[in-house]
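Participant: Have a look at this one.
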There are 2 protein chains.
Amino acid sequence: MRQVAAIMAGGRGERFWPLSRQSCPKQFLPLISEKTMLQETVGRLAPLLGPEDIYVVTGAQYAARVAEQLPDLPRENIILEPEGRDTAPCIALTAAYLAHRYPGEDAVLAVLPADHLITKPDLFRQILAGAFALAAAEPVLVTIGMSPSRPETGYGYIKCGEKVPWSGRHFVYRVQRFTEKPDRAAAEAFLKEGGYLWNSGMFVWRLSTLREAFQRHLPEVAAALPTLTAACGGPAEALAATFHSLPRISIDYGVMEKADNVYVIPGDFGWDDVGTWSALARLLTADADENVTIVNAPAAHGAAAVQEPILLGSKRCVVSGNGRLVAALGVEDLIIVDTDDALLICRRGQEQNLKSVLEQLRRDHRTAYL
Amino acid sequence: MRQVAAIMAGGRGERFWPLSRQSCPKQFLPLISEKTMLQETVGRLAPLLGPEDIYVVTGAQYAARVAEQLPDLPRENIILEPEGRDTAPCIALTAAYLAHRYPGEDAVLAVLPADHLITKPDLFRQILAGAFALAAAEPVLVTIGMSPSRPETGYGYIKCGEKVPWSGRHFVYRVQRFTEKPDRAAAEAFLKEGGYLWNSGMFVWRLSTLREAFQRHLPEVAAALPTLTAACGGPAEALAATFHSLPRISIDYGVMEKADNVYVIPGDFGWDDVGTWSALARLLTADADENVTIVNAPAAHGAAAVQEPILLGSKRCVVSGNGRLVAALGVEDLIIVDTDDALLICRRGQEQNLKSVLEQLRRDHRTAYL
């Protein structure tokens, strides 16, 4: 059975503002390596999948950027969402696109985020291969879970139920319960109790199993699938109209939390969702004062030398510069993000309020900064 | 007797880095009004003194800038220090220049800093006129002192002695003692004890009285005065050589603290030396969260609109921008100075360590940022 991966690359990356912008969100930035997050995500699928079986789902405004960053990806493998409507419609569109392209064929589909870190790609590919095999063999929704290493409140948690007999080399559990981002006490209780995994947002299922899940838990999505499939070959307006009729809901909330045929494979391949500046800082090498420096390519500065920051009496700061000189004197626990046209100074732990900055920019119609 | 003022405009303004640079230090910046500090200083002398009696003492590298900022000042009234050697040599050079220009004439000379704030210029002129009259009438070194309003540790203090009989409309006291920047406890004790004034760094004396003071307290300076006077009409090299032979010492330490003929006139004309970013912030209007915003002309941004900062959950911050967008989220007591090529984030109260940043830049040979 055909195995394909769809990389969801339509996110706005607002938690990495002002480096991440609507015009170039997080997944298109080289946050951790010299490659962009999207390039890393696609690159680590080889040799498990060839370029013809990798799809990137994104907004029309990013089509050129995806093509530029992924020159080996066939152009017809870029699936354009008419608008951002959360993950359930996005996955339905992917399923429709595959049904349009391979009429009457079933396939195993892996849905993968575009902007996560995986430090052990070999192990990742082994787990993903196991998930493909499991989803091909059983009519189940397979997720990949990570052993929690800290009481993180920014992730969803999966409570493992009974172990599933499975001939593959990986453990498989029936999912007992999903819990969205818990509070600190609940997260600590989960770690103490054991048997919980972080929800990585990676899912593997057959198209037929996915359609059945939509039928049961999101019947309006299931009902729209034939129209959506037909529209994939037609004018953009028809596709947009059908897509717009889909409920704005996440696959977790709309399907996964309700379904009783969800399996999870633990896969500790050095995963991190790199969800915030502090999360990014945790992944990079710090100096003796626990400061982390990220120097992004100083595009606007041409040949000017990148200026090392001067951090005197400053501790636990994250400095993301664009090459300009940054001096921090006697400050602690700050996120300092310098870009060509905007500067952020944020107390660590206050990053969830970044959305308030973006809201104010929207209210002010300062759209160039979004 | 001729009355002249010499404005000392050779300072490096390092405490206002990175806005203030070697190429354009504090006195040449419009920190408080639309005029530069130097323009304000010269402007408030009218109508007490005409342009022909105002001198600006500065480094050769600032000659063009002074001429540009003060188009009405005669070019020959710009006195160029061959190098920065503290205030005693600077004042000796001024005296020599005046002796060269007006041979055999005595004059009353006011020495004034170029970069201080005075909010009551009428009162300032009244006091200065009184100081001119006092210095013309008596062979004394006249200083102008300010009533301290807080136990400031950044200023020098003057302990007033006996009241001097004087027919003018101002009080005059004999100076009992100068105390350089005291510690907090000493400053509080001064305020509690009373009879102390802040040393404004403004001095008025006859040239003849000054020469006598040099003779008594800095005889090597007095001995160099004739050579220095002769060199004022000659090649720059001769002047530089003589100037270089003078001791690197301040007029306070070299003369004022030792002399027994020092008088002080209290002059509460809304003075502030605007010595630090925090001092500047104290002088400007704050928002409800005690944040102060200073937007400097965005020269490098051309016609781009100046972006109002977004300060969310941030308190007691000073934001000096160049027009770029600055967002501060959940931070307190920070000085944020954004310039075209350098950015400073400094905890308030740590400004005295700015010199360490400059030292590191010198060590690194990053001279463009000094």
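Participant: If you scan region A:2-15, which residues turn out to be out of contact with any Asp or Glu (no Cβ under 9 Å at 6 or more places or on another chain) and either of a type in the set (Gly, Ala, Ser) or farther than 22 Å from A:ILE91 by Cβ (or both)?
Facilitator: A:ALA6
Participant: With the structure loaded, tell me whether A:SER320 is closer than 27 Å to B:ARG366 by Cα, within 11 Å of chain B (Cβ to nearest Cβ), touching a residue at least 24 places away in the same chain (Cβ under 8 Å) and polar (S, T, N, Q) or whether it fails that test.
Facilitator: no
Participant: Hey, among the residues in region B:21-39 that are assigned to a loop (DSSP other than H, G, I, E, B) and touching a residue at least 12 places away in the same chain (Cβ under 8 Å), which one's farthest from B:ALA279 (Cα to Cα)?
Facilitator: Restricting to residues being assigned to a loop (DSSP other than H, G, I, E, B) and touching a residue at least 12 places away in the same chain (Cβ under 8 Å), the top hit is B:SER23.
Participant: All but one of (1) in contact with a Ser or Thr (Cβ under 7 Å, 6 or more places away or on another chain); (2) outside any loop (DSSP other than H, G, I, E, B); (3) touching a residue at least 60 places away in the same chain (Cβ under 8 Å) hold for B:PRO18; state the number of the condition that does not hold.
Facilitator: The failed condition is (2).
Participant: Collect the residues in region B:331-351 that are surrounded by fewer than 21 Cβ atoms within 10 Å (Cβ to Cβ) and either in contact (Cβ under 8 Å) with a residue 60 or more places away in the chain or part of a loop (DSSP other than H, G, I, E, B) (or both), keeping them in residue-number order.
Facilitator: Across region B:331-351, the qualifying residues are B:ASP333, B:ASP340, B:ASP341, B:ARG348, B:GLY349, B:GLN350.
Participant: Could you go through region B:214-234 and let me know if any residue there is assigned by TED's automatic domain parsing to the domain that holds B:ALA114, polar (S, T, N, Q), within 24 Å of the chain's Cα centre (by Cα) and surrounded by fewer than 21 Cβ atoms within 10 Å (Cβ to Cβ).
Facilitator: Looking for residues that are assigned by TED's automatic domain parsing to the domain that holds B:ALA114, polar (S, T, N, Q), within 24 Å of the chain's Cα centre (by Cα) and surrounded by fewer than 21 Cβ atoms within 10 Å (Cβ to Cβ), one finds none in region B:214-234, hence no.
Participant: Something else: So A:ALA259 fits all but one of (1) in contact with a His (Cβ under 8 Å, 6 or more places away or on another chain); (2) closer than 30 Å to A:ASP338 by Cβ; what number is the exception?
Facilitator: Of the numbered conditions (1) in contact with a His (Cβ under 8 Å, 6 or more places away or on another chain); (2) closer than 30 Å to A:ASP338 by Cβ, the odd one out for A:ALA259 is (2).
Participant: Take A:VAL274 and decide whether it is in contact with a Pro (Cβ under 6 Å, 6 or more places away or on another chain), touching a residue at least 12 places away in the same chain (Cβ under 8 Å) and within 30 Å of B:CYS346 (Cβ to Cβ).
Facilitator: no
Participant: Okay, moving on. Only one of (1) within 14 Å of chain B (Cβ to nearest Cβ); (2) more than 30 Å from A:LEU123 (Cα to Cα); (3) touching a helix residue (DSSP H, G or I) at 6+ places or on another chain (Cβ under 8 Å); (4) not small (Gly, Ala, Ser) is not met by A:ILE336, so which one is it?
Facilitator: (3) is the only condition that A:ILE336 fails.
Participant: Within region B:152-201, which residues are in contact (Cβ under 8 Å) with a residue 24 or more places away in the chain, of a type in the set (Lys, Arg) and farther than 23 Å from B:VAL140 by Cβ?
Facilitator: B:LYS181, B:ARG184
Participant: Of all residues being under 16 Å from A:TYR253 (Cα atoms) and touching a Pro at 6+ places or on another chain (Cβ under 6 Å) in region A:195-213, which is surrounded by the fewest Cβ atoms within 10 Å (Cβ to Cβ)? Just the residue, please.
Facilitator: A:GLY201
Participant: Please count how many residues of region A:70-100 are assigned to a helix (DSSP H, G or I) and surrounded by 15 or more Cβ atoms within 10 Å (Cβ to Cβ).
Facilitator: Here the count works out to 15.
Participant: Those residues that are modelled with pLDDT of 85 or more, surrounded by fewer than 19 Cβ atoms within 10 Å (Cβ to Cβ) and within 10 Å of another protein chain (Cβ to nearest Cβ), I need them from region A:283-311; list them, please.
Facilitator: Matches in region A:283-311: A:GLU308 only.
Participant: Then there's this: As an exercise: evaluate A:VAL264 against (1) buried (at least 17 other Cβ atoms within 10 Å of the Cβ); (2) modelled with pLDDT under 95 and give the number of the one condition it does not meet.
Facilitator: Here A:VAL264 clears every test but (2).
Participant: Can you tell me which residue among B:ALA224, B:ALA236, B:ALA259 is at pLDDT below 95 and not polar (S, T, N, Q)?
Facilitator: When all the criteria are applied, what remains is B:ALA236.
Participant: Checking the conditions here, which among A:ALA241, A:ALA305 is of a type in the set (Gly, Ala, Ser) and within 30 Å of B:THR367 (Cβ to Cβ)?
Facilitator: Every option except A:ALA305 fails the conditions.
Participant: I would also like to ask the following. Could you run through region B:196-216 and say how many residues are of a type outside the set (A, V, I, L, M) and in a helix (DSSP H, G or I)?
Facilitator: Counting residues in region B:196-216 that are of a type outside the set (A, V, I, L, M) and in a helix (DSSP H, G or I) gives 7.
Participant: Look at region B:160-182 and say how many of its residues are surrounded by fewer than 17 Cβ atoms within 10 Å (Cβ to Cβ) and under 22 Å from the mean Cα position of the chain (by Cα).
Facilitator: Adding up the residues that qualify gives 4.
Participant: Follow-up. What pairs can you find where one residue is in region A:353-370 and within 15 Å of B:GLY330 (Cβ to Cβ) and within 9 Å of another protein chain (Cβ to nearest Cβ), the other is surrounded by 12 or more Cβ atoms within 10 Å (Cβ to Cβ) and among the hydrophobic types (A, V, I, L, M, F, W, C), and their Cβ atoms are less than 6 Å apart, with a gap of 6+ or different chains?
Facilitator: Taking only residues 6 or more apart or on different chains, the pairs are A:ASN353/B:LEU329; A:LEU354/A:TRP17; A:SER356/B:LEU312; A:VAL357/B:ILE310; A:VAL357/B:ALA327; A:GLN360/B:ILE310.
Participant: Suppose we keep only residues that are modelled with pLDDT under 95 and farther than 20 Å from A:ALA281 by Cα within region A:21-45. Which one would you say is surrounded by the most Cβ atoms within 10 Å (Cβ to Cβ)?
Facilitator: Among those residues, the one meeting the criterion is A:GLN22.
Participant: Could you list, in sequence order, the residues of region A:217-260 that are closer than 14 Å to A:THR94 by Cβ and assigned to a loop (DSSP other than H, G, I, E, B)?
Facilitator: Across region A:217-260, the qualifying residues are A:CYS232, A:LEU246.
Participant: Residues of region B:317-330 being within 18 Å of B:LEU280 (Cβ to Cβ) and not in a strand (DSSP E or B), which ones?
Facilitator: B:CYS317, B:ASN322
Participant: Given the conditions (1) of a type in the set (A, V, I, L, M); (2) under 19 Å from A:GLY11 (Cβ atoms); (3) without any contact (Cβ under 8 Å) to a residue 24 or more places away in the chain, which single one is not true for A:ALA137?
Facilitator: (2)
Participant: In addition: Need the failing condition index for B:PRO182 against (1) outside any helix (DSSP H, G or I); (2) within 14 Å of B:MET256 (Cβ to Cβ); (3) not charged (D, E, K, R), just the number.
Facilitator: Status for B:PRO182: all satisfied but (2).
Participant: On to the next question. Only one of A:LEU283, A:LEU311 is closer than 28 Å to A:PHE178 by Cβ and out of contact with any helix residue (DSSP H, G or I) (no Cβ under 9 Å at 6 or more places or on another chain). Can you tell me which?
Facilitator: The unique qualifying residue is A:LEU283.
Participant: Which of the numbered conditions does A:MET1 fail, given that it passes all the others? Conditions: (1) touching a helix residue (DSSP H, G or I) at 6+ places or on another chain (Cβ under 6 Å); (2) at pLDDT below 95; (3) more than 18 Å from A:ARG101 (Cα to Cα).
Facilitator: (3)
The values are calculated or read from the model by the stated rules, or taken from the named source; none is laboratory data. Small disclaimer: the values here were computed from a predicted structure and weren't measured. Using ideal geometry, Cβ is built from the backbone for each residue, glycine included, and neighbour counts are taken over all protein chains shown.
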